[in-house]
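Structure first, then comments.
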Amino acid sequence: MRRPLILLTMWLAATASAAVAQSVLPREVRTRLLQAVVEVVAYDPGSGRALGAGSGTIVSEDGFVLTNFHVLDDGTGTAVPWAAIFVSDPAAPDRAPSFRYWARYVGGDPVHDFALVEIVEDAEENPLPPGTTFPSVAIGDSGALLPGDPITVVGYPGISGATITFTSGIVSGFLGEDLEAGGKQWIKTDAKLARGNSGGGAFDQSGVLVGIPTPVSYTHLTLPTK
């Protein structure tokens, strides 16, 4: 029986300056994000224990979840085959998310720190009924962003307790893939992030996914684009 355990996330993103006040996302958009942004707990069947935790975003109605590769890394550069998925109740955002599903690793890219898992079982390891659908969010065009655009980050940072957390800021600028040259492979932002945000979602003013919070070795807090 696969059982997720209480654990500490092992990645830390530096805290940036406080963001200026931004327009609030519509209530219906925030309700959808409360359901679509999940906590992802990596599970190693070999040792029978949880290895790490982060966040993820359901990006399709059939249960595909986008997250960071390092959230699923077993410490050797290989992704674990299973992840426990915890979901928040939008009617009770003050409560910790509930263990609802098991997701199977589909594929990923450790270089760009992306991974995709598919929800295939309930918490009791029963296959999901055919036609099961999930609240999901659309993936947008991060290349269309401009510095100064508002951005909202959603996830499960450990410093904010066990509950889902929203923070907001602006798009501060961009960096290329090597963190120096031109390009929009990375988004700089002043939105406050912390460990546990890894793999979650960064959303534009319409609630469309435009980036994934990821810690990097740089003086700025950045988000990789898709």
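The numbers here are math on the coordinates, done by the rules we state, and not lab data. Source: prediction; values computed, not measured. Methodologically, a virtual Cβ is constructed for each residue, glycine included, from the backbone with ideal geometry; neighbour enumeration extends over all protein chains shown.
Couplings for the stretch 58-65, taken from phi via the Karplus curve 6.51 cos²θ - 1.76 cosθ + 1.60 with θ = phi - 60°, read 6, 10, 8, 5, 8, x, 7, 10 Hz in order; Gly and Pro are left as x. Between A162 and R49, full extension at 0.36 nm per residue minus the direct alpha carbon distance yields a gain of 38.7 nm. Peptides 69-81, 138-150 ranked from most to least packed by the mean count of surrounding Cβ atoms within 10 Å: 69-81, 138-150.
Approximating the spin labels as points 7 Å out from Cα along Cα→Cβ, the A96-to-T78 distance works out to 3.1 nm. Sequence-ordered 3J(HN,Hα) estimates for the stretch 133-139 from the Karplus curve with 6.51, -1.76 and 1.60 and θ = phi - 60° stand at 10, 10, x, 9, 10, 7, 9 Hz, glycine and proline given as x.
With K and R counted +1 and D and E -1, the other residues having a Cβ less than 14 Å from that of T132 yield a net charge of -4. Each of N126 and D89 was given a label point 7 Å from its Cα along the Cα-to-Cβ line. The distance between the two points is 1.9 nm. Taking amide H as placed 1.01 Å from N in the peptide plane, the amide H of F114 sits under 5 Å from that of F69, D109, each at least 5 places away or on another chain. Amide H contacts under 5 Å for V38: G56, T57, I58, restricted to partners 5 or more places along the chain or on a different chain, H placed in the peptide plane at 1.01 Å from N. Residues whose amide H comes within less than 5 Å of that of V171, counting only those at least five positions distant or on another chain, are G148, D149, I151 (H built at 1.01 Å from N in the peptide plane).
Please state the shape class of the stretch 21-150: rounded when a/c is under 1.5, otherwise prolate if a/b exceeds b/c and oblate if not, all from the C-alpha gyration tensor. Oblate is the answer for the stretch 21-150, as a/c is 1.5 or above yet b/c matches or exceeds a/b.
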